[in-house]
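The next block holds one structure in the form of structure tokens; read it before the comments.
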Amino acid sequence: MTRLTLSFAIDAPKLVRPFVISTGARTHQPYLSVQLSDGLHIGRGAAAGLRYFGETPESLAAQIETVRATLERGVTRDALLNILPAGGARAAVDAALWELEAARDHTTVGAALNIIPKPVASAFTIVLDDPDAMAAQTRAESWRPLLKVKLGGSAELEPDRMRAVAQAAPSTRKVIDANAGWTVTQLGALAPIAASLGYELLEQPLAIGCETDPAARAALLLAAQSLPLCADESFQTAADFDRIDGLYQAVNIKLDKCGGLSAALAIRNAARARGLAVFIGCMLAPTVAIAPAHLLAQDADYADLDGPFWFADEPVTLNRDGLFEPIDPSLWGAGGRV
């Protein structure tokens, strides 16, 4: 197998505005970029990692460094599944391998997957704030095809937040993401309100791993009678299917969670086979990290790929209908030459 050269770098660009969710706020977003070269061709990948599991670009780089010798001897995407665990490090390397393979074959990753990319109806995030501020955000973004409303803040304001957003964009499709910030009691009270206001999906209302708790299981089953529930932080890899079985109606697949496009393709197919809706999500990350997910989202029920739009000067565009246009393969997908 052809030897490879591995390199990586860390950057932390400023966001166009603060990103605020139930677990905190940030004004900059660090991420790791990876490059693999066989001396003639180049493949690229990137990942931000999972903050709620303690991943940082530095920890991802350290993880990759431990297997540098193995990677540089040459590795296939299938072999990578057993070299690095699921997470941001493997996601970045997997993307680089996909693109390197495409460059060698003088094609694109999309073509290799028999995908002709089309625009995607990606959600735009309404960040957590007081009700009036969230209503103002919503009015400014109401032209978009789908809004993801971040909740999980102070309990007494949650109903007002939901109502303020719903009233600010009554005809826009909306989903809620509580980012594991609600209690069992809140879920029981708020799910019917969300449904009555026209929200069509509720993402990760309770804490990660809550599914083993009888009270949480009962609350999830009851809430699902009001509107569909989506597992995000509680669903990392295919190993989680059995644990969440019957409690959620959708799963959020993110490359940084499952460890890259290769694993995500298999998880998507398994979710479909189980009758679950597919939500393709992303971390806050630049275009090179999101491009594989854009391909994955081509037939998704929901997509939240607004990561690149939180950075200035990212070469991504929305069309007049607010759809996320296909990403130019020169940015990721076609690879390059040395």
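The values are calculated or read from the model by the stated rules, or taken from the named source; none is laboratory data. All values reported here derive from a predicted model rather than from experimental measurement. Heads up, the Cβs are rebuilt from the backbone with ideal geometry, glycines too, and the neighbour counts pull from every protein chain shown.
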message = List pairs: first residue in the range 229-242 and not assigned by TED's automatic domain parsing to the domain that holds residue 210, second residue in a loop (DSSP other than H, G, I, E, B) and surrounded by fewer than 18 Cβ atoms within 10 Å (Cβ to Cβ) anywhere in the structure, Cβ distance under 8 angstrom, at least six positions apart or on different chains.
response = none
query = Given the conditions (1) more than 30 Å from residue 334 (Cβ to Cβ); (2) of a type outside the set (D, E, K, R); (3) over 22 Å from the mean Cα position of the chain (by Cα), which single one is not true for residue 126?
reply = (3)
inquiry  = Among the listed residues 133, 191, 195, identify the single one that is touching a helix residue (DSSP H, G or I) at 6+ places or on another chain (Cβ under 8 Å) and of a type in the set (Gly, Ala, Ser).
reply    = 191
ask   = Does the range 92-102 contain at least one residue that is without any contact (Cβ under 8 Å) to a residue 12 or more places away in the chain and either assigned by TED's automatic domain parsing to the domain that holds residue 10 or in a helix (DSSP H, G or I) (or both)?
value = no
request  = Sort through 110, 152 and tell me the only one that's under 25 Å from the mean Cα position of the chain (by Cα) and at pLDDT below 95.
outcome  = 152
task = Evaluate the following for residue 260: is it closer than 30 Å to residue 79 by Cβ, buried (at least 19 other Cβ atoms within 10 Å of the Cβ), in contact (Cβ under 8 Å) with a residue 60 or more places away in the chain and not aromatic (Phe, Trp, Tyr)?
result = yes
query = Tell me, which residue of the range 15-52 that is at pLDDT 95 or above and of a type in the set (D, E, K, R) is farthest from the chain's Cα centre (by Cα)?
reply = 38
message = Just the residues that are within 15 Å of residue 160 (Cα to Cα) and either in contact with an Asp or Glu (Cβ under 9 Å, 6 or more places away or on another chain) or hydroxyl-bearing (Ser, Thr, Tyr) (or both), please, taken from the range 183-193.
response = 186, 189, 190, 193
message = Considering only residues that are under 26 Å from residue 207 (Cβ atoms) and in a strand (DSSP E or B), which ones fall in the range 32-73?
response = 47
request  = Determine the pairs where a residue that is more than 22 Å from residue 302 (Cα to Cα), located within the range 163-188, has a partner that is small (Gly, Ala, Ser) and surrounded by fewer than 19 Cβ atoms within 10 Å (Cβ to Cβ) with Cβ atoms under 7 Å apart, the partner being 6 or more residues away or on another chain.
outcome  = 184/215; 186/155
task = Would you check if there is a residue in the range 13-22 being of a type in the set (S, T, N, Q) and without any contact (Cβ under 8 Å) to a residue 40 or more places away in the chain?
result = no
The range 74-88, residues that are part of a helix (DSSP H, G or I) and touching a residue at least 60 places away in the same chain (Cβ under 8 Å) = 77, 78, 80, 88
